[in-house]
Amino acid sequence: QVQLVESGGGLVQAGGSLRLSCAASGIIFRVNVMGWYRQAPGKQRELVATVTRGGSTNYADSVKGRFTISIVNAKNTVYLQMNSLKPDDTAAYYCSGEFYSGAYGGTKEYWGQGTQVTVSS
């Protein structure tokens with residue numbers, strides 16, 4: 001089993017910044033990819049950004065140039081630096097990761113509990 005714990009959400013004014021962190025713990029032989037998704041009230045969960053073990057990144061068009069995702073493999077931790085925040089960025093942000101946990105655990109995807117980000121206008 002792998003557990004993901006997010007932190008860093010909160011309330012910020014438009015134009016401000018926040019940094020989200022997500023630490024994975026448990027039986028982890030290798031991180032394949034980690035990422036952030038978000039879900040606003042009444043909307044479907046959407047991709048924000050992902051980063052592979054090798055550092056390749058992928059961003060939603062709506063956050064390109066404003067958000068930066070990074071990973072520290074040695075700590076099994078992913079970060080999301082969010083700058084120039086807009087009210088439309090208001091959502092619950094969820095961390096996700098795909099991990100290899102050995103021959104017994106195999107490769108599985110896990111999700112965190114989410115952290116709320118609220119951007120006021």
Cβ-based charge dipole, segment 1-96, positive-most Cα from 44, 80, 29
29
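To the nearest 20 Debye, how big is the dipole of the chain about its Cα centre, given +1 on the beta carbon of each Lys and Arg and -1 on that of each Asp and Glu? Working shown, then result.
On the way: 11 positive and 7 negative charges, 31 e Å.
Charge dipole, the chain, about its Cα centre: 140 debye, nearest 20.
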What residue among 13, 44, 81 has the largest mean-square fluctuation in a Gaussian network model of the chain, using Cα springs under 10 Å?
44
At q = 0.14, 0.18, 0.22, 0.25 Å⁻¹, work out log10 I(q)/I(0) for segment 35-96 with the Debye formula, treating every Cα as an identical point scatterer and leaving solvent out; two decimals please.
-0.38, -0.62, -0.89, -1.10
Quick check: residue separation of residue 5 and residue 108 times 0.36 nm, minus the Cα distance between them. What number comes out in nm?
35.4 nm
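Please identify every one of the trypsin sites (Lys or Arg not before Pro) in segment 1-44 that sits in a loop by DSSP and has no more than 11 other beta carbons within 10 Å of its own beta carbon. Write out the running numbers ahead of the final one.
Numbers: sites: 19, 30, 38, 43; in loops: 43.
Qualifying residues, ordered by number: 43.
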The chain: relative contact order from alpha carbon pairs under 8 Å, six or more residues apart, as a whole percent, is 36 percent
Excluding residues fewer than 8 positions from residue 86 in its own chain, the lysines with Cα under 26 Å of it are 43, 64
How far apart, in nm, are the 7 Å Cα→Cβ label points at residue 83 and residue 30?
3.4 nm
Give me the lysines in straight-line cross-link reach of residue 75: C-alpha distance below 25 Å, same-chain residues under 8 apart excluded.
108
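Coordinate-derived values only; no laboratory data. On a predicted model such as this, the values are computed, not experimentally measured, just so you know. All Cβ positions, glycine included, derive from the backbone under ideal geometry; neighbour counts span all protein chains shown.
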